[in-house]
Amino acid sequence: MRLVLLGPPGAGKGSVAALLKKNFSVVHISTGDLLRDEIKEGSPLGKEAKSYIDNGNLVPDEVVIKLIENKIKTDDQIKNGYLFDGFPRTKNQAKGLDEILEKIGKPIEAVFYMETAADLILMRLTGRRICRDCGAVYHIHRHPPKKEGVCDQCSGTDLYQRSDDKEETIKNRLDVYLENTLPIVDYYEAKGILNKIDGGLESEELEAIIAKTCHAS
Ligand code: AP5
């Protein structure tokens, strides 16, 4: 399985990726998660990325491409299967990724474009909460933890809201997505590897569609 999950913020890319990762042997690569790890570590890259992320803007292409290049160089498992989530986000990144993957002889097999309505995105992202200890993702209404404020997976008690999940920042993230990322849909369509799926479906349904499509091809 060598996939890219493409879609607006809140399309559910991370949620589907978590299911695919659990059920198939793929490495999940989320540039958002990699960048937030750098911020947590207080690295120079993290310091540079923070203001872009907090304002809902894209981190410069060269920074993100370098991050991916390093990840691919250092994680041998990637050759057995990968799942990109939130990368690429610009045409430059898409071309850069193709070049990197060509070098290791493992090109992308399929891209899943998760089309999702703006009102659903706003509802999902304003209600998202994340466990600070294990990273499990919840929604205050749609997918709350069994016991309020306590993570089902690790019993952690710090379920926080991401700094870029404020309504104004979400609106900017959506504008940035429409301007920079949506054009990549045409790039992959021209390559004949694009699959459109409905981001409004449940994550389990989406996972089943993706798995079926991949096994059929
Ligand atoms: P990133 O972390 O990649 O955020 P994003 O793409 O905006 O996507 P999200 O993580 O917000 O949403 P998601 O689609 O994964 O949804 P999720 O499954 O969590 O990037 C953050 C920032 O980092 C960017 O703004 C940018 O600054 C920077 N960055 C990252 N990559 C970059 C790059 N390549 N280039 C430059 N800059 C980059 O779900 C959301 C909520 O909805 C959850 O509460 C979940 O429970 C709920 N939910 C999900 N799916 C469903 C469903 N099917 N039904 C019901 N509820 C659902």
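For the reader, a short list of remarks on this structure follows.
- Subset tally (residues that are more than 9 Å from the ligand (Cβ to nearest atom), in a helix (DSSP H, G or I), β-branched (Val, Ile, Thr) and closer than 15 Å to PRO8 by Cα) for segment 168-216: 2
- Check on LEU97, under 25 Å from ILE210 (Cβ atoms), surrounded by fewer than 19 Cβ atoms within 10 Å (Cβ to Cβ), within 11 Å of the ligand (Cβ to nearest atom) and of a type outside the set (S, T, N, Q): no
- Candidate set: segment 102-136, residues that are β-branched (Val, Ile, Thr) and either surrounded by 15 or more Cβ atoms within 10 Å (Cβ to Cβ) or within 12 Å of the ligand (Cβ to nearest atom) (or both); chosen: the one farthest from ILE78 (Cα to Cα): THR126
- Which listed residue is touching a residue at least 24 places away in the same chain (Cβ under 8 Å) and farther than 25 Å from ILE209 by Cα, from GLU179, GLU167: GLU167
- Every condition in (1) buried (at least 18 other Cβ atoms within 10 Å of the Cβ); (2) at pLDDT below 95 is met by GLU168 except one, and the failing one is (1).
- Residues satisfying the stated conditions in segment 113-131, i.e. part of a helix (DSSP H, G or I) and in contact with a Pro (Cβ under 7 Å, 6 or more places away or on another chain): ILE121, LEU125
For every residue, the table says whether it meets (1) under 22 Å from LEU182 (Cβ atoms); (2) within 16 Å of the chain's Cα centre (by Cα); (3) at pLDDT below 95; (4) of a type outside the set (A, V, I, L, M, F, W, C).
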position: PRO44; (1), (2), (3), (4): no, no, yes, yes
position: VAL64; (1), (2), (3), (4): yes, yes, no, no
position: ASP75; (1), (2), (3), (4): no, no, yes, yes
position: GLN93; (1), (2), (3), (4): yes, yes, no, yes
position: LYS103; (1), (2), (3), (4): no, no, yes, yes
position: LEU125; (1), (2), (3), (4): yes, yes, no, no
position: PRO145; (1), (2), (3), (4): no, no, no, yes
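- Filtered residues of segment 1-57 (kept if hydrophobic (A, V, I, L, M, F, W, C) and near the ligand (Cβ under 9 Å from one of its atoms)): LEU5, ALA11, VAL16, ALA17, ALA18, LEU34, LEU35, ALA49, ILE53
The values are calculated or read from the model by the stated rules, or taken from the named source; none is laboratory data. As the structure is a computational prediction, the values presented were derived from the model and not from experiment. Here Cβ is always computed from backbone atoms with ideal geometry, including for glycine, and neighbour counts include all displayed protein chains.
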